[in-house]
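Some notes on the structure that comes next.
The values are calculated or read from the model by the stated rules, or taken from the named source; none is laboratory data. Being a predicted model, the structure only gives us computed values, none of them experimental. When we count neighbours, we look across all protein chains shown, and the Cβ atoms used for this are built from the backbone with ideal geometry, even at glycine.
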Amino acid sequence: MADSPVFPARPLRLGTRNSPLAMAQAHETRDRLCAAHGWSQDAITLVPVVAGGDKVLDRPLAEIGGKALWTKELDGWLYHGEIDLAVHSCKDVETIRPDWLTIAAFLPREDVRDALVGAASIADLPPGARIGTCAPRRAAQMLHARPDLTIVPFRGNVATRLGKLAAGEADATLLALAGLNRLDNAAVGTALDADVWLPAPAQGAIAIECRSDDAATRALLAAIDDTPTRAAVLAERALLAALGGNCHSAIAVHTVADGDTMTLRARLFSPDGADMVEGSAQVTGPDHAPVSALAADLLARAPVSITRHFAPPSA
């Protein structure tokens, strides 16, 4: 246990979405903070919110406001001092965040892989099978591997999507293995090889945000910040920023560390999966120049079917 400040004068208020997975992530955050500082769980109060992205489930996220629909309610509560910190699935956090916010901690990253639910493998899917997903990366990557398949819209939390699958709205779907693990439900799917089926940027990572000017909370969160996760996720988010990716962009990335050096492999797809461009970069420490160079190279080599879905800062 780290040297810790005294028990807080009032409970810290931890904001979270109220979905089962988000609540599991909030409980993990509270457990890690309390363990790091020798507190009882009474030191942290969970404050759930229904996020905009949880209210509208019949349209793709890109059509109703993008990733901000997962964060704006909690952002507002942080800004107005109604909560002290907020927990997010990092892959759902916008690449560009307000200066008054900071990601003060990343928890140790879970499994980055996607899981296929409804079939033992992509090859085992029958011709013309319907794949339920609203994620551009998953849709494009699946169509790139199997152009014969049909993509059908599929949104909602893990239980909702599994329910839709059971009801026959699709023949198979894809879920983040990290989420299934956190819900003790990994057995429902088959993990896909991350070297072949690249995951989403920041997949499997939990980010905890607070106000940038809240030095006390930032110091508390530093005790649970995982350095390897921070290095990998910030490199992946730097790639997103350099590409100018958005909710319409099909971006897949896998980062593997070897000592102090990380190899970041990335693929960009056209929405229909017909076109793909890939590349890699070696990253050491916080220097993201190789990541920016990779983004420029990918966009330079990509056809317009891909580049039209990106808006790099220099454009």
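Here are some notes:
- Residue in the range 79-114 that is nearest to L220 (Cα to Cα), counting only those that are modelled with pLDDT under 95 and aliphatic (A, V, I, L, M): V93
- The sole residue among A242, A187 that is in a helix (DSSP H, G or I) and either in the same structural domain as D275 (by TED's automatic domain parsing) or buried (at least 22 other Cβ atoms within 10 Å of the Cβ) (or both) is A242.
- Count - residues of the range 96-114 that are more than 23 Å from G179 (Cα to Cα) and part of a strand (DSSP E or B): 2
- Filter result (outside any helix (DSSP H, G or I), at negative phi and of a type outside the set (S, T, Y)) within the range 29-45: W39, I44
- Candidates are the residues of the range 277-315 that are assigned to a strand (DSSP E or B) and not polar (S, T, N, Q); the one that is surrounded by the most Cβ atoms within 10 Å (Cβ to Cβ) is V283.
- Looking across the range 193-215 at every residue that is in contact with a strand residue (DSSP E or B) (Cβ under 9 Å, 6 or more places away or on another chain) and small (G, A, S), the one that is nearest to V87 (Cα to Cα) is identified as A207.
- Checklist (1) under 17 Å from P108 (Cβ atoms); (2) surrounded by fewer than 22 Cβ atoms within 10 Å (Cβ to Cβ) applied to A219, failing item: (1)
- Some residue of the range 259-270 being more than 30 Å from G38 (Cα to Cα), of a type in the set (S, T, Y) and surrounded by 18 or more Cβ atoms within 10 Å (Cβ to Cβ): yes
- Any hit, the range 25-36, residues being among the hydroxyl-bearing types (S, T, Y), surrounded by fewer than 20 Cβ atoms within 10 Å (Cβ to Cβ) and modelled with pLDDT of 95 or more: no
- Subset tally (residues that are out of contact with any Ser or Thr (no Cβ under 8 Å at 6 or more places or on another chain) and touching a residue at least 60 places away in the same chain (Cβ under 8 Å)) for the range 113-136: 5
- Flag for D99 being surrounded by fewer than 21 Cβ atoms within 10 Å (Cβ to Cβ), in the same structural domain as R211 (by TED's automatic domain parsing) and out of contact with any strand residue (DSSP E or B) (no Cβ under 7 Å at 6 or more places or on another chain): yes
- Entry remark, the range 115-132: residues being within 18 Å of L180 (Cβ to Cβ) and either at pLDDT below 95 or of a type in the set (G, A, S) (or both) number 6 in total.
- Considering the conditions (1) in contact with a strand residue (DSSP E or B) (Cβ under 7 Å, 6 or more places away or on another chain); (2) small (G, A, S); (3) modelled with pLDDT under 95, G76 is excluded by exactly one of them, (1).
- V93 being β-branched (V, I, T), assigned by TED's automatic domain parsing to the domain that holds T217 and closer than 22 Å to L177 by Cβ: yes
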